[in-house]
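What follows is a set of notes on a single structure, which appears directly below.
The values are calculated or read from the model by the stated rules, or taken from the named source; none is laboratory data. This structure is a prediction, so every number in the text was calculated from the model and none was measured. For neighbour counting, all protein chains shown are included, and Cβ atoms are generated from backbone atoms with ideal geometry for every residue, glycine included. Note: areas computed on protein heavy atoms with side chains; ligands, DNA, RNA excluded. Shrake-Rupley method; radii C 1.70, N 1.55, O 1.52, S 1.80 Å.
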Amino acid sequence: MEETKEGLTCKGIAERLTLGITRVLESMPGVMDVRFVEREPAEKRCLMSWEQKNTCVLPEDLRDFYLTTDGFTLTWSAKLENESVPLGCMVLNGVANLRPLCQSSSVFSLPNAPSLADLDWDEEQVEESECGPAEPHFDSRSRIFELDPCSGNGKVCLVYKDCTKGVVAQNCEVWFLDRSLYWHYLTPSFTAYYRLMITNLGLPEWQNAFTPYGPSPQAKQWASLYQPLSFHCEPSMADLTGEPPVNKLDPSKAFRGKAKLPAPKKKQSAQGGVGGTAKGQGSSGRHSGGRR
């Protein structure tokens, strides 16, 4: 009886952590292998050790999250023909993997090898832009920690800005760093990003929707299929009816064989007349030349 109650309690915690998204995914057509990895809560001493080591204070919402589960992993697949294709992936690193983005150079690297901090060469760049808050820096002015590796498509980072050496940083934001090392603002808090991640179902490249270039065409196709209510495309890509740029297949046109065009009939009389006229003109020219 106690084991049954414990199982129901764990299931209730999992439901609250995932905000019921597992049931939503399982009800979608073609979705299979929905897996949520349950983790033990992080210990308070681990959180305190992380804060002392990195001279940062974890926000209350992120601290409560780690005291509930030390990380988050939810994956799901889509059935394509008769195969299972891994598609959705939601990941939040645990405390041990919440590492600084700018690590010290390795002993195997070259002595004069450039680092990410070298990208912040412009000291007089504009701090506040018209599009949003100031971008993070790779040098000591910001403290950046990897929150989600994004399956190699970039990195979602927990960013502390306006940092001073030796002073504990407290305020943080969530940013997306693309593969070209450009920053894109996501949310002002961890809770807002967590809800955003759940809403986007962990679809491939969903963070790229906050960039000027957007997701790849393949990622847009998946988003229009499994996220039609919140998926938006560029106005230039939409057709006149306002529909998203989904490949439309017309079987009557796509699988119809090419009809062989009939060979053009040769008009003997017309060609003969033209040839005769040409010959007549040539002979008349020669006769005229002879008379001259």
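I need every pair where a residue in segment 171-193 that is touching a residue at least 40 places away in the same chain (Cβ under 8 Å) has its Cβ under 7 Å from the Cβ of a residue that is part of a loop (DSSP other than H, G, I, E, B) and small (G, A, S), sequence separation at least 6 or different chains.
Matching pairs, first to second residue: L177/G154.
In segment 156-166, is there at least one residue being among the hydroxyl-bearing types (S, T, Y), modelled with pLDDT under 95 and closer than 28 Å to L17 by Cβ?
no
Could you please give the count of residues in segment 141-170 that are more than 13 Å from the chain's Cα centre (by Cα), touching a residue at least 24 places away in the same chain (Cβ under 8 Å) and open to solvent by 60 Å² or more (accessible area, probe 1.4 Å)?
5
Could you check segment 37-81 and list, in sequence order, the residues that are part of a helix (DSSP H, G or I), open to solvent by 60 Å² or more (accessible area, probe 1.4 Å) and among the charged types (D, E, K, R)?
Passing the criteria: K44, R45, K53, E60, D64.
I'm trying to understand the selection: among the residues of segment 153-183, which are of a type outside the set (A, V, I, L, M, F, W, C) and farther than 29 Å from V85 by Cα?
Hits for segment 153-183 are Y160, K161, D162, T164, K165, G166, Q170, N171, E173, Y182.
Among the residues of segment 154-168, is any among the acidic types (D, E) and assigned to a loop (DSSP other than H, G, I, E, B)?
Yes, segment 154-168 has at least one match.
Tally time: how many residues in segment 194-219 are free of Cβ contacts under 8 Å to residues at least 60 places away in the same chain and either of a type in the set (S, T, Y) or out of contact with any Cys (no Cβ under 7 Å at 6 or more places or on another chain) (or both)?
17
Please determine, by comparing only the residues of segment 1-36 that are of a type in the set (D, E, K, R) and modelled with pLDDT of 85 or more, which one is surrounded by the most Cβ atoms within 10 Å (Cβ to Cβ).
Here the answer is D33.
Which one of E40, E60, E51, E83 is at pLDDT below 90 and either among the aromatic types (F, W, Y) or out of contact with any Ser or Thr (no Cβ under 7 Å at 6 or more places or on another chain) (or both)?
Selected residue: E83, the only one of E40, E60, E51, E83 that is at pLDDT below 90 and either among the aromatic types (F, W, Y) or out of contact with any Ser or Thr (no Cβ under 7 Å at 6 or more places or on another chain) (or both).
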